[in-house]
Amino acid sequence: MTLPAGWIAFLRARVEEEKRLAYAAAADGWWDPTEPGARRSGIEADGRLLVSVLTGRGAKADNEVARHILSHQPGRALEDLDAKEQLLDYCERLGGEIPPQLLAVVRQLAEPFHDHPDHPIQTQEAP
């Protein structure tokens, strides 16, 4: 069984990885959709095309996928990651006295990384 510190360390490592990626993407500035009627649907930053979106399912699908990508702005991702870090900091201050409900939240936040080789479930340490 993985102790709370193992779950906290695992999630903190994933948050740090995600932050590095978000900071790299943030270097391009705020993301915007390409102008309506542009030759290609995609994502722009500072007037440069960052990503062209071509789903093969038509312009409407291309636009929807581009809007989904836009919903993951680096700045928004960094705010989300900062909130997770604050939660992890709080858990660490509690030491070994983390309430089961709070540990359940940490474990749930680690779930998107279930396929990571260091995930406590993957390492056969958790029940």
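Tabulated values for the structure
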| quantity | calculated |
| --- | --- |
| Only one of S52, S71 that is of a type in the set (S, T, N, Q), exposed (fewer than 14 other Cβ atoms within 10 Å of the Cβ) and either out of contact with any Ser or Thr (no Cβ under 7 Å at 6 or more places or on another chain) or farther than 19 Å from L109 by Cβ (or both) | S71 |
| Qualifying residue in the stretch 58-68 (condition: touching a residue at least 24 places away in the same chain (Cβ under 8 Å), among the aliphatic types (A, V, I, L, M) and either open to solvent by 80 Å² or more (accessible area, probe 1.4 Å) or closer than 30 Å to L3 by Cα (or both)) | no |
| The stretch 1-31, residues that are basic (K, R) and open to solvent by 40 Å² or more (accessible area, probe 1.4 Å) | R12, R20 |
| Selection count, the stretch 32-49, where residues are acidic (D, E) and open to solvent by 100 Å² or more (accessible area, probe 1.4 Å) | 2 |
| Scope the stretch 64-114; condition in contact with a helix residue (DSSP H, G or I) (Cβ under 7 Å, 6 or more places away or on another chain), of a type in the set (D, E) and under 15 Å from E18 (Cα atoms); matching residues | E85 |
| Which listed residue, of A77, A104, A110, is among the hydrophobic types (A, V, I, L, M, F, W, C) and either open to solvent by 90 Å² or more (accessible area, probe 1.4 Å) or without any contact (Cβ under 8 Å) to a residue 40 or more places away in the chain (or both) | A104 |
| Pairs, first closer than 21 Å to R76 by Cβ in the stretch 1-26, second aromatic (F, W, Y) and surrounded by 13 or more Cβ atoms within 10 Å (Cβ to Cβ), C-beta under 7 Å, six or more apart | R14/F113 |
| The stretch 80-97, subset of a type outside the set (A, V, I, L, M) and touching a residue at least 60 places away in the same chain (Cβ under 8 Å), residue most open to solvent (accessible area, probe 1.4 Å) | E92 |
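The values are calculated or read from the model by the stated rules, or taken from the named source; none is laboratory data. Quick caveat, the model's predicted, so the values are computed rather than measured. Ideal geometry is used to build each Cβ from the backbone, glycine not excepted, and the neighbour counts take in all protein chains shown. Just so you know, the surface numbers come from the protein's heavy atoms only, side chains and all, with ligands and any DNA or RNA stripped out. Shrake-Rupley method; radii C 1.70, N 1.55, O 1.52, S 1.80 Å.
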